[in-house]
Amino acid sequence: MLAPMEGAAADALTELEREIDAPGAGLDRLRLVPTPFVPEVRLHLAVDAIVWWARMEASAGHPLPAPYWASAWAGGQGLARHLLNHPELAAGRRVLDLAAGSGLVAIAAALAGASAVTANDIDPYAVAAVTLNARANRVAVDATGDDLLDGAGTDVDLVVAGDVFYDRALADRVLPFLERAAASGAVVLVGDPGRDHLPADRLAVLADYPVPTTEPTVDSSPRHVQVLRPV
């Protein structure tokens, strides 16, 4: 039994449930669609995340977090594809999806046979989106909004993280967490399309994929995504 949602995440879940049930079409809508590089997984994605965000902020009357969860980021798609291509990486294991966004990688881990999956993101809308997307794919994923980055990461067998090196401040916290998790015995996998703050000298490449993207402000050309692990 997964823990019930509370507080901001519960409010965001109610709001997103209303959004996905709303009639009509347009750029400012969410749609349940197959993920381009991982069609086994369907996600509630924005037709245009920036337009959807602008409408929601106008309706709320105050700023809202950028809806990173409403796009299928290339690093997450590559990492999810890797898990489904190699289900033995997740099968029977306790999995943590760090900075989960839409929950794509967490859902892929569940489909690959993980014994338990936790998707973590500090944005309450992402926590809500993970819940809706797991429901749409009929898998069990426990979504949490706690900040885990100062912890040891020792209570799971596999840590996965897609697109976590786009920001210097975040990268400086994520890498030590991932290295602590690896030192404690967890398998750690990162999916990254060459973000500016990727610490390439501290990660080893395991695989690479040409991944289409639904990211806002990015052209439609496939992106070269690497799956990496700490060295």
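Inside the range 78-111, residues that are crowded, with 24+ Cβ neighbours inside 10 Å and either in contact with a helix residue (DSSP H, G or I) (Cβ under 7 Å, 6 or more places away or on another chain) or closer than 14 Å to residue 141 by Cβ (or both) make up a count of 19. Answer yes or no: is there a residue in the range 64-73 that is part of a helix (DSSP H, G or I), open to solvent by less than 10 Å² (accessible area, probe 1.4 Å) and on the phi < 0 side of the Ramachandran plot. So far as the range 64-73 goes, yes, one or more of its residues are part of a helix (DSSP H, G or I), open to solvent by less than 10 Å² (accessible area, probe 1.4 Å) and on the phi < 0 side of the Ramachandran plot.
Could you tell me which residue of the range 87-143 is nearest to residue 164 (Cα to Cα), considering only residues that are in a strand (DSSP E or B) and among the acidic types (Asp, Glu)? Within the range 87-143, the match that is nearest to residue 164 (Cα to Cα) is 97. Just to be sure I understand, how many residues within the range 71-119 are within 24 Å of residue 33 (Cβ to Cβ), of a type in the set (Ser, Thr, Tyr) and free of Cβ contacts under 8 Å to residues at least 24 places away in the same chain? Going through the range 71-119 one residue at a time, the tally reaches 0. Only residues that are assigned to a loop (DSSP other than H, G, I, E, B), without any contact (Cβ under 8 Å) to a residue 24 or more places away in the chain and closer than 25 Å to residue 79 by Cβ were counted across the range 12-63, and they come to 1. Are any residues in the range 201-221 over 18 Å from residue 104 (Cα atoms), at pLDDT below 95 and either among the small types (Gly, Ala, Ser) or open to solvent by less than 30 Å² (accessible area, probe 1.4 Å) (or both), and if so, which ones? Selection gives 220, 221.
The values are calculated or read from the model by the stated rules, or taken from the named source; none is laboratory data. Since we're looking at a predicted model, the values are computed, not measured. We place every Cβ from the backbone using ideal geometry, glycine too, and count neighbours over all the protein chains shown. Only protein heavy atoms, including side chains, enter the accessible area calculation; ligands, DNA and RNA are left aside. Shrake-Rupley method; radii C 1.70, N 1.55, O 1.52, S 1.80 Å.
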